[in-house]
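Have a look at the structure below before the remarks.
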Ligand SMILES: Cc1ncc(C[n+]2csc(CCOP(=O)(O)OP(=O)(O)O)c2C)c(N)n1
Ligand SMILES: [Mg+2]
C-alpha cells in the first residue's frame, strides 16, 4: 500500500493517497467489498441451483474500483470483460441489475437472460456487452475510439447517427476515451496485437487494461506470454504509453490509471496499463484450481487478496475505525441480501420472445420501404437509364458515392480500397481504389478520413467496424477476397451477427461488409475462387445478398446500407466486368428489397433456382434447352438470407420439376436447404426428384481445364435438366 503510517482522522492528508480523499478511499473499499460479496452470493446461488453459471471478479477488485474513479460513465465508452464487476458497480450498475443477470431475468439490462452473467452491458452507461470469446473486445474499443475522432470532424454524422434507430442518447465528447480490458490470456489472441497496431497507426484514445492474474484457467503466464510480461512484449508500439502497477493496491492503481487516462484524453493516443492482480477463487465454478495450483501457490495468492489487505490498510491508516468498518460491511451484506431477494422473484423472458431482436425491429429491408420504382422498360436499358451501361464493379463506386454524399456516417476501409494513402501524391497518380477498382475515386472525393486503407488484418477490419457501428457510424468495409475472410470469422459469427440478440435489442452493429467472391477465373486456384456463402447464411442475424447484375447490385447495396442489420454483401469477381451483367445507373434512390428473387426467364417444364455466376450459365443452358423444346424457368435469388420462398414455391408449383444450381461445393451447400424445404413443403407438387447442380466436393484448381471440371458448367445444367424432364 502507498503508506503504512498512522494518521489521525482530523489531520487527513490526501496527498499521501494520490489526492484521494477519505470518502473516495472508503468508497473504493465499499465497492470492492460489495463486488466480492456479490460474487460470494452468486456462488452460493449457483450451488443451490438457483442460477445457472457464475464467474467471479475476485482479486481484481482493487484496480477496477480505482478505474471507476478515473473513467466517466455515459461519457467514455466501455468494452469490459467478465471480471470487471467492481468497475461496473463504480460506473453505476446496481447489485440488483447484476443479480438479474445471474438469474437470467427478462429485465437483466445486459442481455435479458440471453447471455451468461458477467457479460456486462448497459445502454445508459455506454457499456457495450462482450461476447464470451476472449480477446475480441480489444478491436471493438479501437473502432469506438476511431468513431470518437471521426465525430470530432464530422458533426453531421453524429446528428445522423442520433436520428437512426437506437440513436437516442448517443454521446460524444471531445475528450472521451474508450476503455477496454482483458485477462493476460486474452492478450495471446492475434486480435490483441491487431488492436494495438491499429490504435497506434490511427492514433486513437484507447485505454487498454490488462488484468494479469498470472493464469488463464490453468495455464500459467510462462506458458502464455513469451518472457512472462505482456507490457514488456509490446513496449515498442509507437505512441503507446505503458505503465505497470500492483493491481491489488487501489491507490497505486488510481495513480497509474489517472496518468494513463489523462494521456488518452489529452494526447488522443492509446495507453496500456498492465495490472498485476490475483485470482483467489477458481477460474469459474466449472473449475477447481486445486488441480493445478499447489497449497503454497494458493496461500501466497491469498496473502495478496486486495479485500482484507485494503481493509486493514484503511484501519491502520486511521481512515476508518474498526467499528465503522464492521458497520460498512454489514450494510453491504444487507444490500446484497435485499437485491438477491428481489432478483430471485424476477420474471424470466417468455419462451416465445426468443425470436425478437435477431434482426432490427425498426427497419425491415424486405418491406415496402425499399420498393423504389424500378427502372421502366425491358431490362436495364429502359428509359430511366442515364448514360452508358455500367459494369457491376463500376456500379459499386457509383452507388457508394451517392450513399456517402447523403449519409456522413458511412466510412469505407479495407485493404487497398483508398486511391492513394499518401495524400500528397494524389495529384500525380490515378489512384488504386481497390484491387478490383470497386472503390475508385471515393477517397479523392470524400477524403482520407472516410475512405482509408487498413493493415492486412481481416479480424481487425471487422472488429473495428463493429466498434464504429456500435457508436452509430455506418461502416462499409471491404474484404478483398472471400478466401481470406476466415480470420474475421470469430468477429462475424460471434460478435457482429448476434450483438443485437444477445443485448436484448440495446445494441446493434449494422456493418455492411463487401466481399469479393467466387471463381470461373480460369487461373484463380484454391485461394482466389472460393464461394462458401452458406457458411454465413447459416448465421442468424446476418443478411447475405449476392447480386448477379449491375442493377441488382445497385439496388441491393443501397438497401444494405440503409437497413439496420449487418449485411454480408457478396460481389462475384467473375461478374464484375461481364458485358452481360451491365446495367444503366438507375439513380440515387433505387433500392431493391431483400428476399425478392428476380424472374430471369419464364418457363413451363422445369425451374432452375440459382444465383451469382451460375445465373448466366443457367440462361445459356435454358437457351440451348429451348432449342430442344424444353422450357426452363430461371429464378435468380439474389438475396440468400432472407430468400424468396414464395417465388420458389410459385415456380415449382408451375413446373413441378426443379434444379437448385450453385457454384459452391455440392455437399452441405446452399442447395441442400432449398432442396430440403422443397421436398418437405412441396412434395405433392413434384413430378421428379429435386436435383442439385454444384461444384465437386474438392477445392478449386488453378488450371482452367481442372477448374472447368470442378465448377458447374452450362453442360451440367443442361444434362440435369434433360434428365429431369425425362424422369
Ligand atoms: C477465444 C476463446 N478461447 C477460449 C475460451 C475459453 N476461456 C474462457 S476464459 C479463458 C481464460 C482467459 O484467461 P485470461 O484472459 O487470463 O482471463 P482470466 O480469466 O484469467 O481473468 C479461456 C481459455 C474463450 N472463452 N474464448
Ligand atoms: Mg488471467
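The condition (being assigned by TED's automatic domain parsing to the domain that holds residue 198, over 11 Å from residue 179 (Cα atoms) and either surrounded by 24 or more Cβ atoms within 10 Å (Cβ to Cβ) or within 16 Å of ligand 2 (Cβ to nearest atom) (or both)) is satisfied by just one residue among 86, 141, 67: 86.
Out of all the residues in the range 144-171, which are more than 17 Å from residue 407 (Cβ to Cβ) and surrounded by fewer than 20 Cβ atoms within 10 Å (Cβ to Cβ)? Within the range 144-171, 149, 152, 168, 169, 171 qualify. In the range 665-677, the count of residues that are farther than 29 Å from residue 524 by Cβ and part of a loop (DSSP other than H, G, I, E, B) is zero. The residue that is nearest to residue 41 (Cα to Cα), among those in the range 339-353 that are more than 33 Å from the chain's Cα centre (by Cα) and without any contact (Cβ under 8 Å) to a residue 40 or more places away in the chain, is 341.
Close Cβ contacts (under 8 Å, 6 or more residues apart or on different chains) running from residues in the range 213-227 that are over 21 Å from residue 63 (Cβ atoms) and assigned by TED's automatic domain parsing to the domain that holds residue 58 to residues that are in a helix (DSSP H, G or I) and more than 10 Å from ligand 1 (Cβ to nearest atom) comprise 218/289; 218/291; 222/228; 226/233; 227/233. The range 60-161 holds helices (runs of 4 or more DSSP H) entirely within its bounds, and those carrying 1 or more residues that are more than 24 Å from residue 254 (Cβ to Cβ) map to 95-103, 137-153. Within the range 150-172, take every residue that is under 15 Å from residue 268 (Cα atoms) and in contact with a helix residue (DSSP H, G or I) (Cβ under 8 Å, 6 or more places away or on another chain) and give me the one that is nearest to ligand 1 (Cβ to nearest atom). If we take residues in the range 150-172 being under 15 Å from residue 268 (Cα atoms) and in contact with a helix residue (DSSP H, G or I) (Cβ under 8 Å, 6 or more places away or on another chain), then 150 is nearest to ligand 1 (Cβ to nearest atom). Could you list, in sequence order, the residues of the range 586-621 that are without any contact (Cβ under 8 Å) to a residue 40 or more places away in the chain and under 20 Å from residue 695 (Cβ atoms)? If the condition is that a residue be without any contact (Cβ under 8 Å) to a residue 40 or more places away in the chain and under 20 Å from residue 695 (Cβ atoms), then 619 is the only one that fits. The condition (being in contact with a strand residue (DSSP E or B) (Cβ under 6 Å, 6 or more places away or on another chain) and not in a loop (DSSP other than H, G, I, E, B)) is satisfied by just one residue among 516, 459: 516. Confirm whether residue 519 is surrounded by fewer than 22 Cβ atoms within 10 Å (Cβ to Cβ) and away from ligand 1 (no atom under 16 Å from the Cβ). Here the answer is no, as residue 519 does not meet what is asked. Regarding residue 682, is this residue touching a helix residue (DSSP H, G or I) at 6+ places or on another chain (Cβ under 6 Å) and more than 22 Å from residue 613 (Cα to Cα)? In short, yes. For the range 201-236, the candidate set comprises residues that are on the phi > 0 side of the Ramachandran plot and in a loop (DSSP other than H, G, I, E, B); within that set, the residue that is farthest from ligand 1 (Cβ to nearest atom) is 203. Would you check if there is a residue in the range 674-681 being in contact (Cβ under 8 Å) with a residue 24 or more places away in the chain, closer than 30 Å to residue 555 by Cα and touching a strand residue (DSSP E or B) at 6+ places or on another chain (Cβ under 7 Å)? Yes, the range 674-681 has at least one match.
Among the residues of the range 260-291, those that are in a loop (DSSP other than H, G, I, E, B) and surrounded by 14 or more Cβ atoms within 10 Å (Cβ to Cβ) comprise 268, 269, 270, 277, 278, 279, 280, 281, 282, 283, 285, 287.
Put simply, of 235, 218 the only residue that is in contact with a strand residue (DSSP E or B) (Cβ under 7 Å, 6 or more places away or on another chain) and surrounded by fewer than 17 Cβ atoms within 10 Å (Cβ to Cβ) is 235. Please go through the range 319-336 and pick out each residue that is in contact (Cβ under 8 Å) with a residue 12 or more places away in the chain and in a helix (DSSP H, G or I). Listed by number, the residues that qualify are 325, 328, 329, 332, 333, 335, 336.
Considering only the range 20-31, I want to know if a residue exists there that is assigned to a loop (DSSP other than H, G, I, E, B) and either within 18 Å of residue 287 (Cβ to Cβ) or at pLDDT 95 or above (or both). Yes: one or more hits. If only residues of the range 173-195 that are over 18 Å from the mean Cα position of the chain (by Cα) and either within 20 Å of residue 271 (Cβ to Cβ) or not assigned by TED's automatic domain parsing to the domain that holds residue 124 (or both) are counted, the one that is nearest to ligand 1 (Cβ to nearest atom) is 183. Counting only helices (runs of 4 or more DSSP H) wholly contained in the range 524-641, the ones carrying 3 or more residues that are buried (at least 23 other Cβ atoms within 10 Å of the Cβ) occupy 550-562, 614-627.
Within this structure, residue 121 fails the test of being within 16 Å of ligand 2 (Cβ to nearest atom) and touching a residue at least 60 places away in the same chain (Cβ under 8 Å). Do we have any residue at all in the range 340-353 that's modelled with pLDDT of 95 or more, surrounded by 20 or more Cβ atoms within 10 Å (Cβ to Cβ) and assigned to a helix (DSSP H, G or I)? Taking every residue of the range 340-353 in turn, at least one turns out to be modelled with pLDDT of 95 or more, surrounded by 20 or more Cβ atoms within 10 Å (Cβ to Cβ) and assigned to a helix (DSSP H, G or I).
Does residue 580 satisfy the condition of being more than 20 Å from residue 417 (Cβ to Cβ) and without any contact (Cβ under 8 Å) to a residue 60 or more places away in the chain? Yes.
When residues in the range 173-207 are screened for being away from ligand 2 (no atom under 15 Å from the Cβ) and in contact (Cβ under 8 Å) with a residue 60 or more places away in the chain, 23 of them pass.
The set of residues in the range 211-225 that are more than 28 Å from the chain's Cα centre (by Cα) and either closer than 20 Å to residue 86 by Cα or more than 16 Å from ligand 2 (Cβ to nearest atom) (or both) contains only 214.
The values are calculated or read from the model by the stated rules, or taken from the named source; none is laboratory data. Since the model is a prediction, treat every value here as computed from it, not as a measurement. Because the Cβ atoms are built from the backbone with ideal geometry, glycine has one as well, and the counts that use them run over all protein chains shown.
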